[in-house]
Amino acid sequence: MGVLVPVGEGQARIRWKVVGQPRLMETTLGIRDLEDEPFSGSPDILAEQVGDSLIDATIGVATQISNQFTLVGVEVMIMTADGPLTGEYPMNIVGTATFQPPPINTAWIWRKNTATGGRRNRGRMYWPCARLGETAIDAAGTITPANVSAEQDDANAFRLALGGNGLKPVLQHSDGGPSTVVTSFAVENIVATQRRRMR
């Protein structure tokens, strides 16, 4: 089920490409101004702020990304009273790491935690395994503790980097009601799979 972005907030799409696959992969995240003011600037600048946060958290560093993947960039949609505005920040960071990633329908899961209870106030983010080698996953889909710990460090750093760039992550809802601030990300230790054709 999709979400409705409240007026004054945005939604970021972090876009990835993998060798041999024409379709892009996307990780989406709701964003709000750090001081809860409605976004009024350029969506291109907002997309750049998200992109800078990826680099600050080492998620967008070529040496950490498999050479089978490219971090294409960030696309942002800001909802205004007159309708959506879109912008983008091209990054085109080609990975240089030589490890073999798992199949492209495999993903990390980051849980979005909030200070409010109930299923409505919990969410997930799916990240392509651009920074995870096949050998770090066992037959049951469990990721090695060292890799989970490193990914958790990056998740924590990303949230802090968003704050440093004037943003806060939020959980947006399907009814368009007020979003809920994400207080932390928690990395799952088992990979997810997504239903998608690979050939």
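Observations on the structure shown:
- For residue 45, net neighbour charge (Lys/Arg +1, Asp/Glu -1) across residues whose Cβ lies under 12 Å away: -4
- From the alpha carbon centroid of region 82-155 to that of region 23-69 is 13 Å.
- Column: log10 I(q)/I(0), Debye, Cα scatterers of region 50-159, q = 0.15, 0.20, 0.24 Å⁻¹: -0.77, -1.19, -1.41
- Projecting the Cα atoms of 74, 135, 118 onto the charge dipole of the chain (Cβ charges, centred on the Cα centre) puts 135 farthest toward the positive pole.
- Selection among 53, 94, 146 by position relative to the dipole of region 10-193 gives 146 as farthest towards the positive end (Cβ unit charges, Cα centre).
- With the cut-off at under 17 Å, measuring from each backbone N in region 107-121 to a point 7 Å along the Cα-to-Cβ line of residue 183 picks out 111-121.
- Three-way shape label, region 67-110, alpha-carbon gyration tensor, a/c 1.5: oblate
- Residues listed by number, region 156-195, amide nitrogen under 19 Å from residue 140 label point at 7 Å toward C-beta: 187-193
- The angle between the Cα long axis of helix 43-56 and the longest principal axis of the Cα atoms of the chain comes to about 40 degrees, rounded to the nearest 10.
- On full extension, the segment bounded by residue 42 and residue 175 gains 45.3 nm, given 0.36 nm per residue less the C-alpha separation.
- Lys/Arg +1, Asp/Glu -1 at C-beta; the chain dipole; positive extreme among 43, 25, 181: 25
- From its DSSP helices (H runs of at least four residues, each -39,500 (n - 2.57)), the chain gives a residue-normalised ellipticity at 222 nm of -5500 deg cm²/dmol.
- Placing +1 on the Cβ of every Lys and Arg and -1 on the Cβ of every Asp and Glu, with no other charges, gives the chain a dipole of roughly 960 debye about its Cα centre.
- Neighbour counting of Cβ atoms within 10 Å sorts the residues 99, 69, fewest neighbours leading, into 99, 69.
- Nonlocal amide H pairs with residue 124, under 5 Å, H built at 1.01 Å: 112
- Sites residue 86 and residue 152 - FRET efficiency at Förster radius 30 Å, r taken between beta-carbons, to 0.05: 0.45
- Over all pairs of different C-alpha atoms, region 10-193 has a mean inverse distance whose reciprocal, the Kirkwood radius, equals 16.8 Å.
Just so you know, all these numbers are worked out from the coordinates, no wet-lab data involved. What you are looking at is a predicted structure, and each value in this text was computed from that prediction instead of being measured. Here the Cβ is made from the backbone with ideal geometry for all residues, glycine too, and neighbour counts use every protein chain on show.
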